[in-house]
Amino acid sequence: TLADTLTTYTGNTPQTGDAYARIGAAGAGLTGVTLAAAGLDAVAIEAGTNAIQHGNCFAEDKSVEFEFVVGSGEIVVTVDDFGTGFDPSKVGDPTDASTLLNPHGRGLYLMRELMDEVSFDVRADHGTRILLRKSRVNATA
């Protein structure tokens, strides 16, 4: 298990780039895991970006927590924000003809397409936890 907490940053600052680098470094520290090959790097960065931008609304006093758990048969990434939560069923379908040119709204679609399981837990203490699960194709016991 590997965990990291990132402070929410405003805008495209050097700190935001640092946050992306830390997500990648956290994943790189997992023995025997190629996050890029599993699509987990893009998905973890997307989930973190959503948490910072939509969950915490760029509030500098809030953080985003990441946890990477590698098992023999799967990799699980959880991302927690401390915003007000949201209803994922209200997010539109980016493949619908009416939204194809919209520059936003593809993150959840990307997560669902690349992961074996994506679930959301909107917590009573405010915030959302997203769970991303990917089976390890070449898992060894």
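When the range 86-101 is limited to residues that are polar (S, T, N, Q) and over 18 Å from the mean Cα position of the chain (by Cα), the one that is farthest from residue 113 (Cα to Cα) turns out to be 98.
Evaluating residue 57 against the criteria (1) in contact with a Gly (Cβ under 7 Å, 6 or more places away or on another chain); (2) of a type outside the set (A, V, I, L, M); (3) at pLDDT below 85; (4) exposed (fewer than 14 other Cβ atoms within 10 Å of the Cβ) leaves one unmet condition, (3).
Report, by residue number, each residue of the range 70-119 that is touching a strand residue (DSSP E or B) at 6+ places or on another chain (Cβ under 9 Å) and on the phi > 0 side of the Ramachandran plot. Working first, answer last.
To start, the set of residues in the range 70-119 that are touching a strand residue (DSSP E or B) at 6+ places or on another chain (Cβ under 9 Å) comprises 70, 73-88, 108, 111-112, 114-119.
Scanning the range 70-119 gives a single hit, 85.
The residues of the range 94-120 that are open to solvent by less than 90 Å² (accessible area, probe 1.4 Å) and within 17 Å of residue 78 (Cα to Cα), listed by number, are 107, 108, 110, 111, 114, 115, 117, 118, 119, 120.
Total residues in the range 60-69 satisfying the condition of being touching a Gly at 6+ places or on another chain (Cβ under 8 Å) and surrounded by fewer than 18 Cβ atoms within 10 Å (Cβ to Cβ): the figure is 0.
The values are calculated or read from the model by the stated rules, or taken from the named source; none is laboratory data. All values reported here derive from a predicted model rather than from experimental measurement. Don't worry about glycine lacking a Cβ; one is built from the backbone with ideal geometry, like all the others, and counts go over all protein chains shown. These area figures cover heavy atoms from the full protein model, side chains too; ligands, DNA and RNA do not enter into them. Shrake-Rupley method; radii C 1.70, N 1.55, O 1.52, S 1.80 Å.
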